[in-house]
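Just below is one structure, and these are the notes that go with it.
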Amino acid sequence: MNLHELNLDEKIAQMIIVGFRGLVLEDEGWLSDFLSQGRLGGVILFEKDFQTAKERNIANRTQLVNLINQIKNISRYFPFIAIDQEGGSVSRLNSSNGFEDFPSAEMIAEKGDISYAKTIYSELARNLSLVGCNVNFAPVVDLCLNPDNGVIVKKKRCYSSDPEVVVSFAEIFIQSLLEKNVLPVAKHFPGHGSALGDTHTSWVDVTYFWKSIELKPYEILNTKGLLDAVMVGHLFNKNIDPLYPASLSHIWIEEVLRKQIGFKGLVFTDDLQMRAIADNFSFEEVVEIGLNAGVDVFVFANQIEYEEQLPLEFIKIAKKLIQTRKISEERIDKSVERIIYYKNKFMLN
């Protein structure tokens, strides 16, 4: 796969990951069409549907392997098959659908045993590789700074308030995934552990909570050469960017993450249908602002809202932005070159 074999629609499509309903691909004709036409960069898998509370993509191991194989076989270009498999409360593969339960980040850190962490994360990575997932939205490298933080700290998703401790376990998680050719995506840049609110449900302003030490895990991991991909959260800090949350912020992505930290890998957004974004920006604004901010991969979980034509609408909007010179095709190419590099490196190995 290389940039020159893709037309403009296909290049733009590489920048989109979507969620979908169903346990077999035959139930989702729209998804099959987009994948076979090269109009989608990948998918994100969930075990439950947020709106219906029914099984979504994962019923058992055999079914999941078949579904992922269907997706890969029908796709014109090799797709991202992404999942959130942190261990603990955020584990799409778990004992309810025939998989092993893995401990939370907090439990791993409390045990304080590096060899134990290696055993756990090696097995977790092996599970992902065996079913065919090639992107894991983990590890969480947020610092446990605010004990009242309901979405990260109270859910035991962070290792420690000490960035060195966080890195000591995160790097084991990352190396375990890399060994199985699964792309690790560290999250939630620039740090969700000090926040009070939850971006799933509302605008989250961290202006008076966020601390610069929250960047430290990214800095250390990047220096160690262990930061291939980062998920940017919908966190607003008017002291850094008075207009946009980090996920749509040129300042956070290009100035802080890329220039200050020196990150050269893939930038994924958190789910752009979360209320922090959807209640404050139109879909057209998300596409335009996100492209200008430097986002590489736009993630739409199709959980809070469900929109089958979303990839087509994204492509239309991006093409219009190019036609009206609000963004350049070179801007698209820059992200797609990064995407292709990582797909070739991890997924075709």
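Separation of region 1-46 and region 137-170 by C-alpha centroid, Å? With region 1-46 and region 137-170 each reduced to a Cα centre, they are spaced 32 Å. Separation of region 273-349 from region 186-240 is 20 Å, based on Cα centroids. Take the chain, compute every pairwise Cα distance, and split them into 20 Å bins from 0; I just need the percent in each bin. Answer for the chain: a P(r) of 33, 62, 5 percent. The fraction of accessible area contributed by carbon and sulfur in the chain is 48 percent, rounded to a whole number (1.4 Å probe; ligands and nucleic acids excluded). Accessible surface for His192 stands near 10 Å², nearest 10, in the context of the full protein assembly shown (1.4 Å probe).
The distance between label points at Asn7 and Leu243 comes to 3.4 nm (points 7 Å beyond Cα on the Cα→Cβ vector). Rounded to the nearest 20 debye, the dipole size of the chain about its Cα centre is 540 debye, using +1 on the Cβ of Lys and Arg and -1 on the Cβ of Asp and Glu.
Per residue, the accessible area of the chain comes to 39 Å², computed with a 1.4 Å probe over protein heavy atoms only.
Given their separation in residues at 0.36 nm each and the Cα-Cα distance between them, Asp279 and Glu100 gain 60.8 nm when the chain is fully extended.
Count Lys and Arg as plus one, Asp and Glu as minus one, and take only other residues whose Cβ is under 13 Å from that of Ile322; the net charge is then +2. Remark: accessible surface ordering of Cys133, Cys144 (largest first) is Cys144, Cys133, probe radius 1.4 Å. Just so you know, the Rg over Rh for region 266-349 is 0.98, from Cα atoms, with Rh as the Kirkwood radius.
Ordered from largest to smallest accessible area (heavy atoms of protein chains, 1.4 Å probe), the residues Arg56, Arg157, Arg126, Arg76 come out as Arg76, Arg126, Arg157, Arg56. Largest mean-square fluctuation among Arg92, Arg21, Arg61, in a Gaussian network model of the chain whose springs join Cα atoms under 10 Å apart, belongs to Arg61. Pair-distance distribution P(r) for region 1-138, from all Cα-Cα distances in 5 Å bins starting at 0: 2, 10, 19, 21, 17, 13, 9, 6, 3, 1, 0 percent. Cβ-Cβ distance of Trp203 and Glu164, R₀ of 30 Å, FRET efficiency by 1/(1 + (r/R0)^6): the value works out to about 0.40.
With a simple spin-label model that places each label point 7 Å from the Cα along the Cα-to-Cβ direction, the separation between Lys345 and Ile114 comes to 2.4 nm. Taking the Cβ-Cβ separation of Ser328 and Lys211 as r and a Förster radius of 41 Å, what is the calculated FRET efficiency to the nearest 0.05? Efficiency for this residue pair is about 0.70. Scaled against the 2.2 N^0.38 Å expected of a compact globular protein of N residues, the Cα radius of gyration of region 66-221 reads 1.06.
The values are calculated or read from the model by the stated rules, or taken from the named source; none is laboratory data. Since the structure is predicted, the reported quantities are computational estimates derived from the model, not experimental observations. Don't worry about glycine lacking a Cβ; one is built from the backbone with ideal geometry, like all the others, and counts go over all protein chains shown. In case anyone asks, the SASA skips ligands and DNA or RNA and just uses the protein heavy atoms, side chains included. Shrake-Rupley method; radii C 1.70, N 1.55, O 1.52, S 1.80 Å.
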